[in-house]
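Before we start, here is the structure in question, set down as structure tokens.
The values are calculated or read from the model by the stated rules, or taken from the named source; none is laboratory data. In this text, all values refer to a predicted model and were calculated from it rather than measured experimentally. Glycine gets a Cβ as well: all are built from the backbone with ideal geometry, and neighbour counts include every protein chain shown. Side chains are part of the model used for accessible areas, which takes the heavy atoms of the whole protein and leaves out ligands, DNA and RNA. Shrake-Rupley method; radii C 1.70, N 1.55, O 1.52, S 1.80 Å.
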Amino acid sequence: MAEDAATLEGLHVEALTRLAGGVAHDVKNPLNAMALQLALLGDKVAGGGDGVAQACAQNLASLKTQIGRVDEVMRRFLSVADPSAEGNWLDLAAYAPDAVTLFGHEARRRGVELRCEAPSMPLRARCAPSAGARLVLALLLEAVSSCPPGSRILLSASAAGGEVRVALTRPAGGSFPGLLDAVRAGAEQLGGRLTVTAEGDVATRVLSLLGERTT
């Protein structure tokens, strides 16, 4: 059990490392755009004149948009890398889309299509946020790392029978040594389970955790 926990912790660090690369990529583009807009704005302000404010309006609006993009990327990164919530629960309906978005850069780099489907209402898993989050990250890492280019991966969140579930559908074949066993052990520690099935060319991993669907 201790070995499984250590393996899962290592995979968690590996997932966060991949995410950091994606965040760096996503932050770089809007920062470059802000630098360009600032340079243009500086030239216009330096020129002075009665039309300065009007001439700067579009640039200022663009800066506001780019700053908003940076803020959103960082918000997603922080919510995924260090999830927190009052009480002992994790909202999978909010967490899953953020995690998929941040894995988007890694997926695109590998030529993999990654999508997420989650309801608008909360899907609360009764577990420590960090404990449940690392299981979701591990499933995404396993899929993105082992699926060949051209693959389609779908992560969906739902609730049924007093449980909340994260289902990952991907092409069959390929593996990440020890990962699924570690996720299974982690799920069992939280009172849940991991179900792995394969039908033809499609493989599915379903992570089920105790929870309730709230409206």
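Evaluate the following for Arg165: is it in a strand (DSSP E or B), closer than 18 Å to Val100 by Cα and not hydroxyl-bearing (Ser, Thr, Tyr)?
Yes; evaluated as a whole, the condition is true for this residue.
Out of the residues in segment 135-146 that are open to solvent by less than 10 Å² (accessible area, probe 1.4 Å) and over 10 Å from the mean Cα position of the chain (by Cα), state the one that is farthest from Val164 (Cα to Cα).
Val144
Would you tally the residues in segment 168-189 being within 17 Å of Ala99 (Cβ to Cβ) and in contact with a strand residue (DSSP E or B) (Cβ under 6 Å, 6 or more places away or on another chain)?
Step one: filter segment 168-189 for residues within 17 Å of Ala99 (Cβ to Cβ), giving 168-170, 176, 179, 183, 186-187.
Subsequent filtering for residues that are in contact with a strand residue (DSSP E or B) (Cβ under 6 Å, 6 or more places away or on another chain) retains 168-170, 183, 187.
Qualifying residue count for the region: 5.
Taking Ala46 as the residue in question, decide whether it is among the hydrophobic types (A, V, I, L, M, F, W, C), within 30 Å of Ala133 (Cβ to Cβ), loosely packed, with under 15 Cβ neighbours inside 10 Å and at pLDDT below 80.
no
Here's a follow-up. For segment 84-96, which residues satisfy the criterion of being surrounded by fewer than 19 Cβ atoms within 10 Å (Cβ to Cβ) and modelled with pLDDT of 80 or more?
The answer is Ala94, and nothing else.
Another question about this same structure. For segment 65-82, give me each residue that is surrounded by fewer than 12 Cβ atoms within 10 Å (Cβ to Cβ) and over 21 Å from Ala15 (Cα atoms).
Gly68, Asp71, listed by residue number.
Further question: Go through the residues of segment 114-134 one by one and say whether even a single one is on the phi > 0 side of the Ramachandran plot, over 13 Å from the mean Cα position of the chain (by Cα) and surrounded by fewer than 17 Cβ atoms within 10 Å (Cβ to Cβ).
no
While we're on this one: Looking at the structure I just gave you, is Val202 closer than 25 Å to Arg75 by Cβ and out of contact with any His (no Cβ under 6 Å at 6 or more places or on another chain)?
The answer is no for Val202.
Select from segment 11-68 the residues that are touching a residue at least 60 places away in the same chain (Cβ under 8 Å) and more than 24 Å from the chain's Cα centre (by Cα) and list them in ascending order.
none
Determine the pairs where a residue that is in a loop (DSSP other than H, G, I, E, B), located within segment 172-188, has a partner that is buried (at least 20 other Cβ atoms within 10 Å of the Cβ) and of a type in the set (Asp, Glu) with Cβ atoms under 9 Å apart, the partner being 6 or more residues away or on another chain.
Listed pairs, sorted by first residue: Gly174/Glu142; Ser175/Glu142; Phe176/Glu142.
Let me ask something additional. I'd like the residue in segment 49-83 that is small (Gly, Ala, Ser) and out of contact with any helix residue (DSSP H, G or I) (no Cβ under 6 Å at 6 or more places or on another chain) and, out of all such residues, is modelled with the lowest pLDDT.
It comes out as Gly49.
Every residue, every condition in (1) open to solvent by less than 30 Å² (accessible area, probe 1.4 Å); (2) of a type in the set (A, V, I, L, M, F, W, C), yes or no:
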{"residue": "Arg152", "(1), (2)": "no, no"}
{"residue": "Ala157", "(1), (2)": "yes, yes"}
{"residue": "Thr169", "(1), (2)": "no, no"}
{"residue": "Gly173", "(1), (2)": "no, no"}
{"residue": "Leu180", "(1), (2)": "no, yes"}
{"residue": "Leu190", "(1), (2)": "no, yes"}
{"residue": "Thr195", "(1), (2)": "no, no"}
{"residue": "Gly200", "(1), (2)": "no, no"}
{"residue": "Leu207", "(1), (2)": "yes, yes"}
